[in-house]
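What follows is a single structure, written as structure tokens, with notes after it.
The values are calculated or read from the model by the stated rules, or taken from the named source; none is laboratory data. This structure is a prediction, so every number in the text was calculated from the model and none was measured. With ideal geometry, Cβ positions are generated from the backbone for all residues, glycine too; neighbour counts draw on all protein chains shown. Protein only, heavy atoms only, side chains kept; ligands, DNA and RNA dropped before computing areas. Shrake-Rupley method; radii C 1.70, N 1.55, O 1.52, S 1.80 Å.
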Amino acid sequence: SKEVQVLLNDMDIRDLRAAALPAATSDLSKNSINQAAGGRSGAVRVATIDNYQGEEADIVTVSLVRSNSKGSVGFLREPERINVMLSRARHGLIMIGNASTLRNASSSEGRKHWAVVLDKLEAAAAMHSGFPAVCQQHKRQILPVLDTAEAFAKSAPNGGCTQPCHASLPCGHTCRLRCHAYDLDHTQQRCDALVYGLCNAGHVTIKLCSAKEVVCSTCDEIRKMQEEEKKQLTKLVGTM
């Protein structure tokens with residue numbers, strides 16, 4: 001499977017170390033987590049809202065963090081931070097959070113600003129109770145929307161859908177796995193299709209396609225029989 005490179009800048013690494021348990025950040029280093037500048041294609045940039053000012057991306061996913069019945073929204077009550085968050089994406093912004101917590105924020109300022117944002121999202125039919133997902137391989141929508149960990153495990157267990165993959169392997173056989181989002185070129189997939197052939201003696205052989213060598217079971221049985229006959233003959237000659 002393909003690993004995803006995570007990019008953090010110095011400020012985010014410092015904030016993460018200050019907020020997290022030492023054991024959770026013991027392996028953070030410039031070798032294991034690359035700096036944001038010069039990040040490679042396919043990498044995921046992770047940052048707090050404060051540390052992302054002045055930066056942009058085509059697609060931005062925001063975790064709003066706060067989810068409680070008390071309306072405690074913390075810094076999400078501040079219009080400056082809301083503005084920064086809403087203006088970082090060039091093409092698509094995905095916000096993950098609890099709309100009820102934001103609408104019922106204990107802060108009147110936060111309640112007012114989030115009401116405007118959420119009302120506009122609802123008017124544009126842009127609010128969902130879970131993740132709307134489409135299988136990138138089969139081009140089909142995954143329904144219902146993914147709203148729990150159990151829903152992800154049931155409807156998108158390997159990052160795809162629940163249909164068989166059916167993609168062609170490099171050997172020409174069909175992938176028998178369930179639809180998956182990893183190893184899309186199938187270079188790591190071991191083909192378990194049965195391949196029939198003939199050994200040098202003309203016997204029919206069967207092997208897994210991914211197996212490098214084939215052992216003729218008929219030749220093997222004949223060899224064992226010949227060895228047993230040789231032993232019996234040797235024993236018989238020795239008694240004469």
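For Lys207, state whether it is more than 33 Å from the chain's Cα centre (by Cα) and without any contact (Cβ under 8 Å) to a residue 24 or more places away in the chain. Show your work before the answer.
Working: more than 33 Å from the chain's Cα centre (by Cα): no; without any contact (Cβ under 8 Å) to a residue 24 or more places away in the chain: yes.
No: the conditions fail for Lys207.
Say whether the condition of being among the hydroxyl-bearing types (Ser, Thr, Tyr) and either within 26 Å of Lys139 (Cα to Cα) or open to solvent by 100 Å² or more (accessible area, probe 1.4 Å) (or both) is met by at least one residue in the stretch 207-219. No - not one qualifying residue is present in the stretch 207-219. Considering the conditions (1) surrounded by 11 or more Cβ atoms within 10 Å (Cβ to Cβ); (2) of a type outside the set (A, V, I, L, M); (3) in contact with a Pro (Cβ under 9 Å, 6 or more places away or on another chain), Asp185 is excluded by exactly one of them, (1).
Scan the stretch 153-165 for residues that are exposed (fewer than 14 other Cβ atoms within 10 Å of the Cβ) and under 30 Å from Ile206 (Cα atoms) and the total you get is 2.
Reported count of residues in the stretch 49-72, each being modelled with pLDDT under 90, β-branched (Val, Ile, Thr) and surrounded by fewer than 16 Cβ atoms within 10 Å (Cβ to Cβ), is 1. The residue list Ser108, Ser129, Ser168 contains one member that is touching an Asp or Glu at 6+ places or on another chain (Cβ under 8 Å), of a type in the set (S, T, N, Q) and open to solvent by 50 Å² or more (accessible area, probe 1.4 Å), which is Ser129.
Against the numbered list (1) out of contact with any Ser or Thr (no Cβ under 6 Å at 6 or more places or on another chain); (2) at pLDDT 90 or above; (3) open to solvent by less than 50 Å² (accessible area, probe 1.4 Å), Glu150 comes up short only at (3).
Restricting the stretch 111-122 to residues that are farther than 15 Å from Gly74 by Cα and within 32 Å of the chain's Cα centre (by Cα), which is surrounded by the most Cβ atoms within 10 Å (Cβ to Cβ)? Don't jump to the end; show me each part of the working.
Restricting attention to the stretch 111-122, the residues satisfying the condition of being farther than 15 Å from Gly74 by Cα are 115-122.
Going one step further and asking which of them are within 32 Å of the chain's Cα centre (by Cα), we end up with 117-118, 120-122.
On the way: Val117: 15, Leu118: 18, Lys120: 11, Leu121: 14, Glu122: 11.
Per the stated criteria, the residue is Leu118.
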